[in-house]
Amino acid sequence: MASLPEPVSALVGALGQLPGIGPRSAERLALHLVQSEAGQVKQLAEALVTATERIELCVTCGALTETQPCALCTDDRRDSTTVCVVETAVDVINVEKSGAFRGRFHVLGGKISPLNGVDPEDLRIAQLEARMDGVREVILALGTDVEGDATSNYLAQRLTAKGVKVTRIAHGLPAGSGLEYADDLTLSHALKGRREM
Amino acid sequence: MHLAHLRLRDFRNYTRLDADFEPGFHLLLGRNAQGKTNILEALHLLATLRSFRGVGSAAMVRHGQPGWFVGGRAIGTSTHDVRIYWSSRERRLTLDQQPIKRLTDYLGTFRTVAFCTEDLTLVKGAGRGRRRFLDFLLTQTVPGYLPLLQRYTRAVRARNALLKRKPIDEASLDSFTAEVIQLGNQLIAHRHDLMPALAPRIQAAHKRIAPNGEELRVELIPSVKKDFAAELELTRDRERKHGATIIGPHRDEIALLLHDRSAADYASEGQKRTIAIALKIAQAEHLTEIHGAPPVLLIDDVMGELDEHRRQGFLPLLEKCGSGRGQVFMTCTEENWPHDLNRVLQRWKIHNGTLLPC
């Protein structure tokens, strides 16, 4: 990399910070960009700046938004008596894509993880509790690792004390695939969560 | 199951090694410090991704080189190509040219049981070694045991981190306690299921190789007697003082009793060695029983230490594993190999990092 001009290696360094971009890809992207048409690059730079300036986190739910509060929080057609709790703002988009949920969202901003120094106070739990007026059900849609499970336990305890019904999304087989693609643990969860037909 | 091909690059004292092995009984002969055990270590690494010497990957690189490579072709019900590369900057594990992301997708491709001098710590050493012995067997025989163990370990570590903090966040602690109990109970159930099959095997193996009249008893001493949740509640004050979860399957112990007294404290060195070998024989037999085919046996200089009687007790397992499509690798110093092994031996001479048939 010593042979690259200084501004190019600075660009490589900046691109390399992005998720999923290794040193090789960063170098390829940087070399591509410095050789592109000036107008094209300018457009990209402007798009980057505008996007980062205009997108922020919704003060109510924590999802990515352009307006405050976000469209999901202000849409009257959505059911405000159910709230789906997720870890990250990206999870909101994923649940939205499924089209199966028409209530409100709440982004926690992570999960309780004593080994990484994340305490309940570091998460948006107080904000969640402050939203409980008129809410009948809270659906927990957190990950299923140890920290995700423990955070679900934690929230269930705190919210049921407030008289809210707390449910957790099921985990089992991925839809539309055979048993052969499921790992042992998923399959055993799926068996435990079986339903009568 | 057998290993048909072994390839080493910059591994221990081997610069390059490519060797083909038939099923059967292989005798690795050579003077001390020529690299006999290193071959067994590489085979064990292919099966478990760990050294049986209990050292890290950095210790296995040839002096002055950046990294090592160990590859092999294992033939069981089907043929698999395994490649492991390690350097301080990169590690790669592939099975049939595909990178392996989760350990559970790999383990079981190639199975070995190693007999080595370090086994003595199973009897002499701390409980951790004996728990690992159980966990190794369960990992190799119960699908889902390894991820369960990893989850449990993580939950206990998280819980300990919470216990160390002052003041303790009770609500967070409760939420991790629920995880520890739920996962711990599953581990406990698996260990309790294994013992009725395993303990008699260890005792029977010991009877075959120990002098007449010596009786070994093997018992699981569970840390949790009946109800994990209730017992955890009872240790409340003590665990807060220690800042750690002090009961649970991570504190289970296996008692090895010779005439009702702890073997670690009362047995002679020779008796301890016999017990260690009995544990390993039982391990190999259990794997054979569950999987229908014997694991590849790796025997490091152990036979030389055994007297005539104990050798005779060991032979049936060797015969079984070395016959059919099975394989046994045994290291011996110059011609000190057991002549009572009258089956066909494939002899290899090891000299200063080279392996040649002889």
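Within segment B:57-73, is there a residue that is exposed (fewer than 15 other Cβ atoms within 10 Å of the Cβ) and in a helix (DSSP H, G or I)? So far as segment B:57-73 goes, yes, one or more of its residues are exposed (fewer than 15 other Cβ atoms within 10 Å of the Cβ) and in a helix (DSSP H, G or I). Restricted to segment A:175-188, and to residues there that are at negative phi and open to solvent by 70 Å² or more (accessible area, probe 1.4 Å), the residue that is farthest from the other protein chains (Cβ to nearest Cβ) is A:A175. The set of residues in segment A:100-115 being in a loop (DSSP other than H, G, I, E, B) and either touching a residue at least 12 places away in the same chain (Cβ under 8 Å) or within 13 Å of chain B (Cβ to nearest Cβ) (or both) consists of A:F101, A:R102, A:L108, A:G109, A:G110, A:K111, A:I112. Filtering segment A:1-38 to residues that are at pLDDT 90 or above, among the polar types (S, T, N, Q) and part of a loop (DSSP other than H, G, I, E, B) leaves A:Q17, A:Q35, A:S36. Entry remark, segment A:149-170: residues being over 16 Å from A:R124 (Cβ atoms), more than 8 Å from chain B (Cβ to nearest Cβ) and not in a loop (DSSP other than H, G, I, E, B) number 6 in total. So which of A:V118, A:V135 ends up being within 11 Å of chain B (Cβ to nearest Cβ), surrounded by 15 or more Cβ atoms within 10 Å (Cβ to Cβ) and of a type in the set (V, I, T)? Answer to the selection: A:V118. Inclusion of B:N185 among residues that are within 14 Å of another protein chain (Cβ to nearest Cβ) and either among the acidic types (D, E) or under 19 Å from A:N116 (Cβ atoms) (or both) is not warranted. For B:A229, the requirement of being open to solvent by 30 Å² or more (accessible area, probe 1.4 Å), within 14 Å of chain A (Cβ to nearest Cβ) and not charged (D, E, K, R) is met. Of everything in segment B:154-195 that is of a type in the set (D, E, K, R) and in contact (Cβ under 8 Å) with a residue 60 or more places away in the chain, the residue that is most open to solvent (accessible area, probe 1.4 Å) is B:K164. For segment A:65-87, the candidate set comprises residues that are assigned to a strand (DSSP E or B) and under 20 Å from the mean Cα position of the chain (by Cα); within that set, the residue that is nearest to A:G99 (Cα to Cα) is A:C84.
Output yes when any residue across segment A:103-110 is charged (D, E, K, R), within 24 Å of A:T160 (Cβ to Cβ) and touching a Cys at 6+ places or on another chain (Cβ under 8 Å), and no when none is. Yes; the residues of segment A:103-110 include at least one that is charged (D, E, K, R), within 24 Å of A:T160 (Cβ to Cβ) and touching a Cys at 6+ places or on another chain (Cβ under 8 Å).
Condition check for A:D76 on (1) modelled with pLDDT of 95 or more; (2) surrounded by fewer than 12 Cβ atoms within 10 Å (Cβ to Cβ): one failure, at (1).
The rows are residues; the columns are (1) among the charged types (D, E, K, R); (2) in contact with a Lys or Arg (Cβ under 9 Å, 6 or more places away or on another chain); (3) exposed (fewer than 12 other Cβ atoms within 10 Å of the Cβ).
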position	(1), (2), (3)
B:E215	yes, yes, no
B:P222	no, yes, no
B:D237	yes, no, yes
B:K241	yes, no, yes
B:A244	no, yes, no
B:L257	no, yes, no
B:D260	yes, yes, yes
B:A263	no, yes, no
B:Y266	no, no, no
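Just one residue in the set B:I254, B:I246 is away from chain A (no Cβ under 14 Å), in contact (Cβ under 8 Å) with a residue 40 or more places away in the chain and not in a helix (DSSP H, G or I); that residue is B:I254.
Filter segment B:34-56 down to residues that are assigned to a helix (DSSP H, G or I) and more than 14 Å from B:F11 (Cα to Cα) and give me whichever is most open to solvent (accessible area, probe 1.4 Å). My answer is B:T48.
Each residue in segment A:143-188 was checked for being free of Cβ contacts under 8 Å to residues at least 24 places away in the same chain and of a type outside the set (D, E, K, R), and 23 of them qualify.
Any residue at all in segment B:129-139 that's open to solvent by 20 Å² or more (accessible area, probe 1.4 Å), within 20 Å of the chain's Cα centre (by Cα) and within 14 Å of another protein chain (Cβ to nearest Cβ)? Looking through segment B:129-139, at least one residue is open to solvent by 20 Å² or more (accessible area, probe 1.4 Å), within 20 Å of the chain's Cα centre (by Cα) and within 14 Å of another protein chain (Cβ to nearest Cβ). What is the one condition in (1) within 12 Å of chain A (Cβ to nearest Cβ); (2) open to solvent by 20 Å² or more (accessible area, probe 1.4 Å); (3) closer than 27 Å to B:A229 by Cβ that B:R102 does not satisfy? Of everything listed in (1) within 12 Å of chain A (Cβ to nearest Cβ); (2) open to solvent by 20 Å² or more (accessible area, probe 1.4 Å); (3) closer than 27 Å to B:A229 by Cβ, B:R102 misses just condition (3).
May I ask you to verify whether B:L183 is touching a strand residue (DSSP E or B) at 6+ places or on another chain (Cβ under 9 Å) and assigned to a helix (DSSP H, G or I)? When the stated conditions are applied, B:L183 does not pass them. Does at least one position in segment B:188-202 carry a residue that is in a helix (DSSP H, G or I), within 14 Å of chain A (Cβ to nearest Cβ) and either among the hydrophobic types (A, V, I, L, M, F, W, C) or in contact with a Pro (Cβ under 8 Å, 6 or more places away or on another chain) (or both)? Checking segment B:188-202: at least one residue is in a helix (DSSP H, G or I), within 14 Å of chain A (Cβ to nearest Cβ) and either among the hydrophobic types (A, V, I, L, M, F, W, C) or in contact with a Pro (Cβ under 8 Å, 6 or more places away or on another chain) (or both).
The values are calculated or read from the model by the stated rules, or taken from the named source; none is laboratory data. Just so we're clear, the structure is a prediction, and the values are computed from it rather than from any experiment. Counting neighbours? That spans all protein chains shown, and the Cβs are built from the backbone with ideal geometry, glycine included. Heavy atoms of the whole protein, side chains included, go into the accessibility calculation; ligands, DNA and RNA do not. Shrake-Rupley method; radii C 1.70, N 1.55, O 1.52, S 1.80 Å.
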